[in-house]
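Contents: one structure, followed by commentary.
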Amino acid sequence: MTGLGAVFRPQLPPERLRAVARLADEAGLEELWLWEDCFLEGGVSTTAAALAWTERLRVGIGLLPVPLRNVAVTAMEAAALHRMFPGRPVLVVGHGVQDWMGQVGARAESPLTLLREQLDALRALLRGERVTTEGRYVRLDDVALDWPPAQAPEVLAGATGPRTLRLAGEAADGTLLTSATSPDGVRKARVLIDEGRASAGRTDAHRVVVYVLAATGPGAEARLRAELAAEGLADVPELGVAGDAGAVAKAVRRYAEAGADTVILQPTADEPDPEGFVRFVAEDVRPLVS
């Protein structure tokens with residue numbers, strides 16, 4: 001079955017999260033995804049709160065920019081979340097927006113090298129291993145978590161470009177694709193991810209998650225088109241969906257057929273009813289997606 005979820009966008013104030021998360025949990029939504037966009041809301045703090053307010057909801061952090069954090073801190077935070085809420089957090093790391101990284105003095109000369117080193121060290125620490133490494137960016141001397149997760153959790157990588165997609169296949173447990181990815185883009189990403197997996201000799205599961213911009217209700221088509229135009233994506237075929245549950249479910253199926261394991265519906269930044277959007281995904285779209 002195709003996984004399905006929704007995004008709580010950080011354009012909403014943090015105090016709105018509690019109501020949205022509780023509604024998502026009560027409505028039976030599988031996954032609620034949060035962003036750590038500069039300079040809006042912290043990913044770890046909001047994820048911990050959403051997990052604490054709910055009982056069964058999986059909560060994704062999509063994503064934590066690796067230039068902002070020492071890998072040991074990320075490992076400690078992730079391990080604590082997984083021990084407190086086993087199986088429910090979903091951790092994604094990535095390059096971050098380079099302009100934002102520059103604003104805070106954290107821009108790496110080689111983002112790809114940084115991400116590779118962080119992925120290798122982070123996954124090892126979360127497996128409970130003791131790590132010593134002297135990389136270009138990641139330097140650990142006999143570091144191990146005192147409270148690693150009972151089972152090593154998946155660590156996804158956010159990726160767009162070909163080199164990062166291959167790296168995700170090689171060094172991560174899954175890949176998160178942005179809402180700028182069409183169904184054809186998912187197919188192409190899958191090829192690159194599989195190239196990375198083959199180069200590393202990996203045969204384990206690799207989950208591909210994709211954000212899909214979606215709008216429903218009055219003015220849905222206009223809101224969708226306005227956001228795509230603002231992002232310079234108006235001419236990309238089959239990108240985003242506007243309409244009723246049937247139209248949205250049809251789009252979800254297109255992405256699943258292209259190779260997405262999980263589709264996370266992303267409301268427009270001006271979505272007038274965030275709670276209603278979550279209920280729409282859980283109660284109207286979910287029954288139409290197998």
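For the chain, dividing the convex hull volume of the Cα atoms by the residue count gives 124 Å³ per residue. With contacts taken as Cα pairs under 8 Å and at least 6 residues apart, the chain reaches a relative contact order of 20 percent. Taking amide hydrogens as placed 1.01 Å from N in the peptide plane, the amide H of Ala214 sits under 5 Å from those of Val241, Gln266, Thr268, each at least 5 positions away in sequence or on another chain. Applied to segment 149-166, the Karplus parametrisation 6.51 cos²θ - 1.76 cosθ + 1.60 on θ = phi - 60° returns per-residue 3J(HN,Hα) values of x, 4, 10, 4, x, 6, 10, 9, 10, x, 8, 10, x, x, 5, 6, 5, 5 Hz, with x for Gly and Pro.
Each part gets one Cα centre, and for segment 1-64 versus segment 247-270 those centres are 18 Å apart. For Arg107, nonlocal amide neighbours, meaning residues 5 or more places apart or on other chains whose placed amide H falls under 5 Å from its own, are Gly102. Taking label points 7 Å from Cα along the Cα-to-Cβ direction, Ala222 and Leu288 give a separation of 2.3 nm. Of the chymotrypsin sites (Phe, Trp or Tyr not before Pro) found in segment 1-79, those in coil by DSSP whose Cβ has at most 16 other Cβ atoms within 10 Å are Phe39.
Less than 5 angstrom separates the built amide H of Leu29 from none of the residues sequence-distant by 5 or more or on a different chain.
For the chain, modelled as a GNM whose springs connect Cα atoms under 10 angstrom apart, the maximal fluctuation among Val236, Val90, Val191 occurs at Val236.
Here the Gaussian network model covers the chain, with springs between Cα atoms less than 10 Å apart; of Leu122, Leu228, Leu63, Leu228 fluctuates the most. Extending 7 Å from Cα along the Cβ direction at Arg83 and again at Glu231 yields two label points whose distance is 3.7 nm.
Readers should treat all values here as calculations from the given coordinates under stated rules, not as data from a laboratory. The model shown is predicted, which means the values in this text are computed figures rather than measured ones. Note: ideal-geometry Cβ built from the backbone for every residue, glycine included; neighbour counts use all protein chains shown.
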